[in-house]
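This report refers to the structure that appears directly beneath it.
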Amino acid sequence: MNYRQWKKRYKKQHGYNPPVSEDKRKQAKLVAQQFVVTLPEITEAINNIVPAFYRALASACETISNSFASAGRTFGDMADYYNTPIRAAGVESEGTV
């Protein structure tokens, strides 16, 4: 039985056209209408997503940069500490006991 015959039989039995819950063709048509995406919608979505992505990338790079700067300062301080002569409780590090 094709769609037209089914619809006519339903209308004859019930006295009205089939509702969306019964009509598979109407359901498919509604689903297809919901998934229609136009080019301006895609362009608008891209225009909103790209700047946010760049801001997140810039923030990540800035965080990494700050981490490396902090590590550089720490290693520089460590180098300065090891370049100074070590004196402990009045005993010089030159080997005198």
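The values are calculated or read from the model by the stated rules, or taken from the named source; none is laboratory data. What you see is a predicted model, and the numbers here were worked out from it, not measured in a lab. We place every Cβ from the backbone using ideal geometry, glycine too, and count neighbours over all the protein chains shown.
Things worth noting here:
- Number of positions in segment 34-45 that are part of a helix (DSSP H, G or I) and aliphatic (A, V, I, L, M): 3
- Residue within segment 82-93 that is part of a helix (DSSP H, G or I) and modelled with pLDDT under 90 present: yes
- Of all residues in segment 1-18, those satisfying the criterion of being surrounded by 11 or more Cβ atoms within 10 Å (Cβ to Cβ) and part of a loop (DSSP other than H, G, I, E, B) are ASN17, PRO18.
- Among the numbered conditions (1) assigned to a helix (DSSP H, G or I); (2) of a type in the set (Val, Ile, Thr); (3) farther than 30 Å from ARG9 by Cβ, the only one that VAL31 does not meet is (3).
- Single unsatisfied condition, SER21 versus (1) surrounded by 10 or more Cβ atoms within 10 Å (Cβ to Cβ); (2) assigned to a loop (DSSP other than H, G, I, E, B): (1)
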